[in-house]
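See below for the structure under consideration.
The values are calculated or read from the model by the stated rules, or taken from the named source; none is laboratory data. These numbers come from a predicted model, not from an experiment. Because the Cβ atoms are built from the backbone with ideal geometry, glycine has one as well, and the counts that use them run over all protein chains shown. Heavy atoms of the whole protein, side chains included, go into the accessibility calculation; ligands, DNA and RNA do not. Shrake-Rupley method; radii C 1.70, N 1.55, O 1.52, S 1.80 Å.
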Amino acid sequence: MSEAKNRILARLRQVNPSAPERPEQPYAPYLGEDAPARLARFCSRLEAAHAEVVRCPQQSLAAQLQAMVEGASLTRLLAGNDGPFSAAISQACGSRLSCFDKPMSEFKAVLFTDVDAGISQAWGAIADTGTLVLWTGPNEPRSLSLVPPVSIIIVAASAIMDNFAQLLAKPQCRQGLPTNLLLVSGPSKTADIQQTLAYGAHGPRQLYVVVVEDC
């Protein structure tokens, strides 16, 4: 055993440490794709994962959210307390909306028993996999999209990247990631029972995604 080990170490020591590394090749299977095509790919990936996707201009966001909330008969909603779409969320939901502006210990009972839907604002998105990326923290708690039976997530079309590598190259990521960077690619699902994929097994049974196209 010791002889084999010595031979392996000897070969490793013979490797030239100054040998140039291969240049990194960017992952770009959709190189040259324009923004409309990227958006269409993102929406189709999400819809394939059983999410309901709507697209609207920013000035119609409040009306779109109101129609969505009333159409799904949602009466108790919870949202973060900051974000670019907070005014539209408040306008759309009115008295049905509460803000996650207290410690989790004070919201826990309400969150798990009384809330119909959580409304989140995505920090980014990935077209390759139809994934929404939530930058979680005090203003955007991860519980909003993990606990209520319905999850509504708003994302700007301009925030959609081709792939995860592009997302991580954004300046904010280089400054440091949050404790939880939450990736959402559809409603909850599991294949634990007889290896059959089932949706709505735990967490959100429905996922509504609103893509704001002009921001």
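I need a count of the residues in region 170-186 that are without any contact (Cβ under 8 Å) to a residue 40 or more places away in the chain, within 13 Å of residue 133 (Cβ to Cβ) and open to solvent by less than 70 Å² (accessible area, probe 1.4 Å).
Of the residues in region 170-186, 1 are without any contact (Cβ under 8 Å) to a residue 40 or more places away in the chain, within 13 Å of residue 133 (Cβ to Cβ) and open to solvent by less than 70 Å² (accessible area, probe 1.4 Å).
State which residue is surrounded by the fewest Cβ atoms within 10 Å (Cβ to Cβ) when the search covers only region 66-86 and only residues that are of a type in the set (A, V, I, L, M) and under 12 Å from residue 117 (Cα atoms).
Only one residue tops the list, namely 72.
For region 140-149, state whether one or more residues are in contact (Cβ under 8 Å) with a residue 60 or more places away in the chain, in contact with a helix residue (DSSP H, G or I) (Cβ under 8 Å, 6 or more places away or on another chain) and under 24 Å from residue 44 (Cα atoms).
Checking region 140-149: not a single residue is in contact (Cβ under 8 Å) with a residue 60 or more places away in the chain, in contact with a helix residue (DSSP H, G or I) (Cβ under 8 Å, 6 or more places away or on another chain) and under 24 Å from residue 44 (Cα atoms).
Among all residue pairs at least 6 apart or on different chains, which show Cβ distances below 9 Å where the first residue, located in region 151-163, is farther than 14 Å from residue 211 by Cα and the second is assigned to a helix (DSSP H, G or I) and charged (D, E, K, R)?
Close Cβ pairs satisfying both conditions: 162/38; 162/41.
What are the pairs with Cβ atoms under 6 angstrom where one residue, in region 87-101, is over 14 Å from residue 74 (Cα atoms) and open to solvent by less than 60 Å² (accessible area, probe 1.4 Å) and the other, located anywhere, is assigned to a helix (DSSP H, G or I) and of a type outside the set (D, E, K, R)? Sequence gap at least six, or different chains.
88/61; 88/62
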